[in-house]
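**Student:** Below is one structure. I have some questions about it.
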Amino acid sequence: QVQLVESGGGLVQPGGSLRVSCAASGTIFSIYTMNWYRQAPGNQRELVATITPGGIRNYADSVKGRFTISRDNAKRTVYLQMNSLKPEDTAVYYCNLNRGDGAYWGQGTQVTVSS
């Protein structure tokens with residue numbers, strides 16, 4: 001049974017930094033692309049960042065230059081380092097893994113950027 005568990009969200013002031021993590025279990029981790037999505041109230045869930053098994057990264061235009069996705073295959077964990085945070089980054093952040101048998105999601109972690 002695949003489980004994804006996010007952690008590390010919280011309240012941060014504009015301009016601040018935060019790192020969220022997602023620990024995977026119940027699946028081989030290293031062979032899958034890992035994704036971070038976010039969803040703000042009233043908005044659709046949007047793709048924020050992607051990292052392939054080989055370490056190729058892609059980012060939404062809105063976070064390029066501010067966010068960094070990384071992975072530690074030994075720990076089965078994917079990270080999202082978020083710098084220069086803006087109020088519009090406020091959302092629930094979800095990690096995602098897609099396998100042949102379906103899409104798997106964590107429960108999400110709330111990130112709130114506010115003074």
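**Student:** Quick one: which residues, 5+ away or cross-chain, put their amide H under 5 Å from the amide H of Lys86? H built at 1.01 Å from N.
**Tutor:** Gly15
**Student:** Determine the gain in length on full extension of the stretch Asn73-Asn43; use 0.36 nm per residue of separation and subtract their C-alpha separation, reporting nm with one decimal.
**Tutor:** Stretched out fully, the Asn73 to Asn43 stretch lengthens by 7.6 nm.
**Student:** Then there is this: Please list, ordered by chain and number, the residues whose modelled amide H lies under 5 Å from the amide H of Arg19; skip anything fewer than 5 residues away on the same chain.
**Tutor:** For Arg19, the qualifying residues are Met82.
**Student:** Modelling each spin label as a point 7 Å along the Cα-to-Cβ direction, I'd like the Lys86/Thr33 distance in nm, to one decimal.
**Tutor:** With each label placed 7 Å out from Cα toward Cβ, I get 2.5 nm.
**Student:** Here's something else I'd like to know. Roughly how far apart, in whole Å, are the Cα centres of segment 89-115 and segment 57-81?
**Tutor:** 12
**Student:** Sticking with the crude label model, points 7 Å out along Cα→Cβ, report the distance from Ala60 to Gln3 in nm, one decimal please.
**Tutor:** It is 2.8 nm.
**Student:** Using Cα springs under 10 Å in a Gaussian network model of the chain, which residue among Gly16, Gly100, Gly65 shows the largest mean-square fluctuation?
**Tutor:** For the chain, modelled as a Gaussian network with Cα springs under 10 Å, the answer is Gly100.
**Student:** Quick one: Karplus J couplings for segment 58-72, per residue in order, coefficients 6.51, -1.76, 1.60, θ = phi - 60°, nearest Hz, x for Gly and Pro?
**Tutor:** In residue order, the calculated couplings are 9, 9, 5, 4, 5, 10, 4, x, 10, 10, 9, 9, 8, 9, 10 Hz.
**Student:** From the phi of every residue in segment 14-29, what ³J(HN,Hα) in whole Hz does the Karplus formula 6.51 cos²θ - 1.76 cosθ + 1.60 yield, where θ is phi - 60° and glycine or proline is x?
**Tutor:** Per residue, the Karplus-derived 3J(HN,Hα) values read x, x, x, 10, 7, 10, 9, 10, 9, 9, 9, 8, x, 7, 5, 9 Hz.
**Student:** Each residue of segment 86-103 in order: what ³J(HN,Hα) in whole Hz does its phi give by Karplus 6.51 cos²θ - 1.76 cosθ + 1.60, θ = phi - 60°, with x for Gly and Pro?
**Tutor:** Once rounded to whole Hz, the list reads 10, x, 6, 7, 4, 4, 8, 9, 10, 9, 9, 10, 10, 10, x, 9, x, 9.
**Student:** Write down the percent of antiparallel bridges among all DSSP beta bridges whose residues are both part of the chain, to the nearest 5. Could you put the intermediate results ahead of the total?
**Tutor:** Values: 38 of 41 bridges.
In the chain, DSSP labels about 95 percent of beta bridges as antiparallel.
**Student:** Kirkwood Rh over Cα pairs of the chain into Stokes-Einstein at 25 °C, 0.890 mPa s: D in µm²/s?
**Tutor:** This corresponds to a translational diffusion coefficient of 174 µm²/s.
**Student:** Segment 39-88: which trypsin sites (Lys or Arg not before Pro) are DSSP loop and have at most 15 other beta-carbon atoms within 10 angstrom? Walk me through the numbers before you get to the answer.
**Tutor:** Values: sites: Arg45, Arg57, Lys64, Arg66, Arg71, Lys75, Arg76; in loops: Arg45, Lys64, Arg66, Lys75, Arg76.
Here the trypsin sites (Lys or Arg not before Pro) that fit, given the DSSP loop and packing criteria, are Arg45, Lys64, Arg66, Lys75.
**Student:** With the contact rule set at Cα under 8 Å and sequence spacing of 6 or more, what percent relative contact order holds for the chain?
**Tutor:** About 37 percent, as a whole number.
**Student:** Run the simple label-point estimate for Ser25 and Thr112 please: 7 Å along Cα→C-beta, distance reported in nm.
**Tutor:** Going from the Ser25 label point to the Thr112 one covers 2.9 nm.
Throughout, read-outs are computed from the coordinates displayed, never taken from laboratory work. Keep in mind the model is a prediction, meaning the values are calculated, not measured. Here Cβ is always computed from backbone atoms with ideal geometry, including for glycine, and neighbour counts include all displayed protein chains.
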